[in-house]
Structures are given as structure tokens and as C-alpha cells.
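Chemist: Have a look at this one.
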Amino acid sequence: MHANILVESAGGYRFAHDLIRRSLDDALTAERRKLLHRRLAGAMDSHDAPAADVARHLEAGGRRSEAIRHRIRAADAAARMYALAEALVQYDAAISDGASGIEAFRIQSQRIDICRNLGDDSGRQAALA
């Protein structure tokens, strides 16, 4: 007998219905949920999952500082594809995760270039500040 809780999808498996996922998620303690997110991030990272997805799980797992490098990778990849708005979102998330020092300088430098290319003077000025 098959319960059909999981179904195969292009990227692997997913819950057959969002209510199943939410019910299981609601049954977890906060610490258990964080642990699962950290384990998911590790497994996804070792299987070359999209960097933004790995970062999201690290953040949910309480590892914001570890998520920074994945956010930067996601931003750099988006910028290479000329998905400039997405690159800005990822760079902003890296800053929110606590990027500092030379890492923050590099992010702001990239943001300045992207805003210049988008003709976004206010965004460029914000990055300069």
C-alpha cells in the first residue's frame, strides 16, 4: 500500500500536498526544525544545489554567517546571467546575514556596478553610503 506522501519531481521528491508538509513542520520543535534545515543545507551543498536554496536552509537553521558565501555565489551567478535584480536581492541577503569587512566592501562594490547598469542612481548612492 502506498501513502503517496512524496511524489517525484524534476528536482527529486516533494510532498504531494502542502498540507502534509505544513503538518509535519508544525509537529517539530524549533531546535529540531533548525537541525533539519542545517542537514538539508549540507546535503544540498554536497549535491551542487542552487546556492540560494542552500543559503535559505542555512538561515532557517540559524547559520546566517555560513549562508553569506552561498548568497554571494547566488548573486554572482545571477549577475553573470544578467539577472541583475535577482543579484541585488542575493547581495542584500548576504548583507542582512552579517557580511562585514572586505566581504561587505566587495558586495557593495558589486551593487554599485549593478545599480549603474540598471540606471538606479538612488540604489547606487545607497551602496556608496
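Chemist: Which condition number does I68 fail, the rest of (1) more than 19 Å from A99 (Cα to Cα); (2) among the aliphatic types (A, V, I, L, M); (3) modelled with pLDDT of 95 or more being met?
Modeler: (1)
Chemist: Of all the residues that make up the range 85-101, how many are outside any helix (DSSP H, G or I) and hydroxyl-bearing (S, T, Y)?
Modeler: 1
Chemist: Are there any pairs, at least 6 apart or on different chains, whose C-beta atoms fall under 9 Å, with the first in the range 116-128 and over 15 Å from A87 (Cα atoms) and of a type in the set (S, T, N, Q) and the second surrounded by 13 or more Cβ atoms within 10 Å (Cβ to Cβ) and at pLDDT 90 or above, and if so, which?
Modeler: Listed pairs, sorted by first residue: S122/C115; Q125/C115.
Chemist: Ok, one more. How about the range 75-109: which of its residues are farther than 19 Å from L58 by Cβ, of a type outside the set (A, V, I, L, M, F, W, C) and open to solvent by 60 Å² or more (accessible area, probe 1.4 Å)?
Modeler: R80, Y82, R106
Chemist: Next question, about the same structure. Being on the phi < 0 side of the Ramachandran plot and either loosely packed, with under 14 Cβ neighbours inside 10 Å or part of a strand (DSSP E or B) (or both) is the requirement here; does E31 meet it?
Modeler: yes
Chemist: Cβ contacts < 6 Å: first residue under 21 Å from A49 (Cβ atoms) and modelled with pLDDT of 85 or more, restricted to the range 2-25; second residue in a strand (DSSP E or B) and open to solvent by 90 Å² or more (accessible area, probe 1.4 Å), any location; separation 6+ or different chain. Result?
Modeler: Taking only residues 6 or more apart or on different chains, the pairs are L6/Y13.
Chemist: Which one of these is in a helix (DSSP H, G or I) and open to solvent by 80 Å² or more (accessible area, probe 1.4 Å): R71, R39?
Modeler: One residue alone meets the criteria, R39.
Chemist: What's the number of the condition R64 fails, among (1) in contact with an Asp or Glu (Cβ under 6 Å, 6 or more places away or on another chain); (2) open to solvent by less than 60 Å² (accessible area, probe 1.4 Å)?
Modeler: (2)
Chemist: Here's a follow-up. Pull out all pairs, ordered by first then second residue, where Cβ-Cβ is under 6 Å, the residues are six or more apart or on different chains, the first lies in the range 83-103 and is at pLDDT 95 or above, and the second is among the hydroxyl-bearing types (S, T, Y).
Modeler: G98/S65
Chemist: Also: Out of all the residues in the range 42-58, which are assigned to a helix (DSSP H, G or I) and either surrounded by 17 or more Cβ atoms within 10 Å (Cβ to Cβ) or not small (G, A, S) (or both)?
Modeler: M44, D45, A51, A52, D53, V54, A55, R56, H57, L58, listed by residue number.
The values are calculated or read from the model by the stated rules, or taken from the named source; none is laboratory data. Values in this document were obtained by computation on a predicted structure and should not be read as measured data. Using ideal geometry, Cβ is built from the backbone for each residue, glycine included, and neighbour counts are taken over all protein chains shown. Heavy atoms of the whole protein, side chains included, go into the accessibility calculation; ligands, DNA and RNA do not. Shrake-Rupley method; radii C 1.70, N 1.55, O 1.52, S 1.80 Å.
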